[in-house]
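Input: a single structure, listed below in structure tokens.
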Amino acid sequence: MFCTNEKFNYSTCTCTGNKCNEVPNSALVGYWYNWNDQYAPYLHLDSIDNRYNVIVVAFAVPKSPSDMTISFTPNVVSQSVLKSQIQKLQNQGKKVLLSIGGATASIDLTATANKNAFVTSITDLLDTYGFDGVDIDIEHGNSIIISGGTIATPHNTAQVNLIDAIKLIMANYRSTHFRKLLLTMAPETA
């Protein structure tokens, strides 16, 4: 979105081309895996089935169980090649999101320092690669354990910090890219 109002009033913004971050009217969403193994051979991002119009790049993970700085490194291609492939898909009107977590990553935002590292690192990854949004795929860690409150009103510090962190990431994205961040979730359930 490009805004014509200097005070950045979103109600006066208009969309031009593929700059407006909206999910396509009919969306076919798929995860693209950033690794190669015998059961899931590597497929270049720009070689995926053309019918997918929302592609979720999996996975960005914490640097360590105690450091919630989220990192993502292309496994087979260089960073510049992956950025080029993302741009090619976006030029075709597709949306490309970065998935955080996955089956092997544990996310714990109990500490404020972890929350801040989470926000800063995800914001940096979105800017570096030009992703249209994030997918929250947290399957392990304190951020999904309900130890107080309810799903609608959590009291667990890690959950409250995760919600706050996502709001900050969304605000950072909007102020930098002048459009809304796409947000999807694949939460683990009881």
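A short reminder: the numbers here are calculations on the coordinates, not readings from a lab. Keep in mind that this is a model prediction, so the values were computed, not measured. With ideal geometry, Cβ positions are generated from the backbone for all residues, glycine too; neighbour counts draw on all protein chains shown.
Amide H of K95: which non-local residues (sequence gap of 5 or more, or other chain) have their own amide H closer than 5 Å, using H built in the peptide plane?
V54, I55
Note down the magnitude of the dipole of the chain about its Cα centre, charges +1 on Lys and Arg C-beta and -1 on Asp and Glu C-beta and zero elsewhere, to the nearest 20 debye.
Details: 13 positive and 15 negative charges, 121 e Å.
Value, rounded to 20: 580 debye.
Taking the beta-carbon count within 10 Å as an exposure proxy, list I163, I122 from fewest neighbours to most.
Details: I163 13, I122 26.
Taking fewest neighbouring Cβ atoms as first place, the list is I163, I122.
For n ≥ 4 DSSP H runs only, could you compute -39500 (n - 2.57) per run for the chain, divide by its residues and tell me the 222 nm figure to the nearest 500?
-9000 deg cm²/dmol
Which far-off residues, 5 or more places away or on another chain, put their amide H under 5 Å from the one on G141, with H placed in the peptide plane?
HN-HN under 5 Å from G141: I107.
Which whole-Hz ³J(HN,Hα) couplings does region 121-130 yield from phi under the Karplus relation 6.51 cos²θ - 1.76 cosθ + 1.60, θ = phi - 60°, glycine and proline marked x?
For region 121-130, the Karplus curve yields 5, 5, 4, 4, 5, 4, 6, 4, 9, x Hz.
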